[in-house]
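The values are calculated or read from the model by the stated rules, or taken from the named source; none is laboratory data. These numbers come from a predicted model, not from an experiment. Note: ideal-geometry Cβ built from the backbone for every residue, glycine included; neighbour counts use all protein chains shown. Side chains are part of the model used for accessible areas, which takes the heavy atoms of the whole protein and leaves out ligands, DNA and RNA. Shrake-Rupley method; radii C 1.70, N 1.55, O 1.52, S 1.80 Å.
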Amino acid sequence: MKPFIYNIPVKVYFGEGQLSNLGRELSKYGKKVLLTYGGGSIKKIGLYDEVIKEIRDAGLEVFELSGIEPNPRIESVREGARICKEENIDVVLAVGGGSTIDASKFICAGAKVDFDPWDFLDLEKRAKIEDALPLLTILTLSATGSEMDNGGVISNLKTNEKLSNGSMCMLPKVSFLDPKNTYSVSEYQTACGSADILSHILEVYFTTENDLFMLDCVMEGLMKTVIKYAPIAMKDPTNYEARANLMWTSSWAINGFINGSKSTAWSCHPMEHELSAFYDITHGHGLAILTPRWMQYCLNDENIYKYVQFGVNVFGIDKNLSDREIAEKAIEKLSEFLFNDLKLQSTLKDVNINDENFAIMAKKACKGKESIKGFRELTPEDIENIYRMCL
């Protein structure tokens, strides 16, 4: 295995009652706060009032940007950056799920430059992210892990693009994770978030690169946690144990720890980003539809051992079966979890997506390269084949 660096300096307040520390933490970065959030669910659950009180009790001035969309738009980033510049904002506080936090990361970076924030994401310009306002987050949805990583994904519907970038300067300074703030998350969004968490782990787990045995054990434990607790959270939304396990798993699925020395490119995420860019599908649902088909398409004699490991250690499949039987059963078990236990629709046709844009989507998924060099190298033709498997 190759040497690697792990550095994740995010201070996390986990559990109930931790928002009493919010004002003190915000005050470390200045007097003017931009509060960002989505469609207003934080007001329905009382979180908005609690946050505003903490900010004002600390003697801080608050400005607001609401209405940040699922699959956050570049327009929201531009508006946030504008407010930051005009009002001389010192610190941004994102309250919501991954969409709000991702947009806020680029708002923080956009506030520091005199060019369009889309330049950070545009594949041709790819402007370097060198500075950003400090960001604090209050998580309300377990899914993307954006509360504990340095990247984000933004959509530009005018160009049918959903692109990502990241920088250590965009890493949240402090994140507040109270599982109770996810009690109001719907059954569908809980399912989609859980599929997203699982995909983050699978993208790293399925690699042929030699790495630490310990990390595979950690990933298998994380996956088993999602498989155990997602259905419980869906059935019993206020089950603290279930919500807490999903929330902490979400963070550790993508904060870089499980990556170790692996450099294998992710495959399902760039394919799903094209689905979101063209059809605005819920990200986790798109990943759920793609992942079992991607696994089926990538299976061969050289990598089958990884499917066997996954099937035996995560789903408890009989290790005495043939490798091929275990691999096929592993894919079947994953599909049953995603489509039966999580109750997600299983095909692209189910979510009103046809093959009209498959060719261009497959090409764009490679991000200007000839292929995605992932668990198995995928050309645009391969990607188009996987899309068709999902119909």
- Residues located in region 353-391, provided they are without any contact (Cβ under 8 Å) to a residue 24 or more places away in the chain and of a type outside the set (A, V, I, L, M, F, W, C): E356, K363, K369, E370, S371, E377, T379, P380, E381
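Listed residues E384, E377, E356; which is closer than 20 Å to E161 by Cβ, modelled with pLDDT of 95 or more, loosely packed, with under 15 Cβ neighbours inside 10 Å and not hydroxyl-bearing (S, T, Y)?
Testing whether each residue is closer than 20 Å to E161 by Cβ, modelled with pLDDT of 95 or more, loosely packed, with under 15 Cβ neighbours inside 10 Å and not hydroxyl-bearing (S, T, Y) leaves just E356.
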- Query: Can you name the number of the only condition in (1) in a helix (DSSP H, G or I); (2) among the small types (G, A, S); (3) surrounded by 13 or more Cβ atoms within 10 Å (Cβ to Cβ) that S20 fails?
  - Reply: (3)
- Note on the structure: The condition from (1) buried (at least 23 other Cβ atoms within 10 Å of the Cβ); (2) on the phi < 0 side of the Ramachandran plot that E87 misses is numbered (1)
- Message: Looking at region 326-341, I want the residues that are farther than 21 Å from I197 by Cβ and have a partner that is open to solvent by 70 Å² or more (accessible area, probe 1.4 Å) with Cβ atoms under 8 Å, at least 6 apart or on another chain. Which pairs are those?
- Response: I326/D318; I326/K319
- Among the candidates G39, G30, G67, residue that is in a loop (DSSP other than H, G, I, E, B) and open to solvent by 70 Å² or more (accessible area, probe 1.4 Å): G39
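Based on this model, can you work out whether I8 counts as open to solvent by 30 Å² or more (accessible area, probe 1.4 Å) and either part of a helix (DSSP H, G or I) or in contact (Cβ under 8 Å) with a residue 40 or more places away in the chain (or both)?
Yes.
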- Could you look through region 161-196, keep only residues that are assigned to a loop (DSSP other than H, G, I, E, B) and among the hydroxyl-bearing types (S, T, Y), and pick out the one that is nearest to S146 (Cα to Cα)? S167
- Which condition breaks for K105 when tested against (1) closer than 24 Å to V185 by Cα; (2) of a type in the set (K, R); (3) surrounded by fewer than 19 Cβ atoms within 10 Å (Cβ to Cβ)? (3)
- Query: Of the conditions (1) surrounded by 15 or more Cβ atoms within 10 Å (Cβ to Cβ); (2) in a helix (DSSP H, G or I); (3) in contact with an Asp or Glu (Cβ under 9 Å, 6 or more places away or on another chain), K333 fails just one. Which one is it?
  - Reply: (3)
- Could you tell me which numbered condition A265 fails, if it satisfies all but one of (1) within 19 Å of A191 (Cβ to Cβ); (2) open to solvent by 30 Å² or more (accessible area, probe 1.4 Å); (3) of a type in the set (A, V, I, L, M)? (1)
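Inspect region 72-82 for any residue being over 18 Å from E161 (Cα atoms), modelled with pLDDT of 95 or more and out of contact with any helix residue (DSSP H, G or I) (no Cβ under 6 Å at 6 or more places or on another chain) and give the result as yes or no.
Yes: one or more hits.
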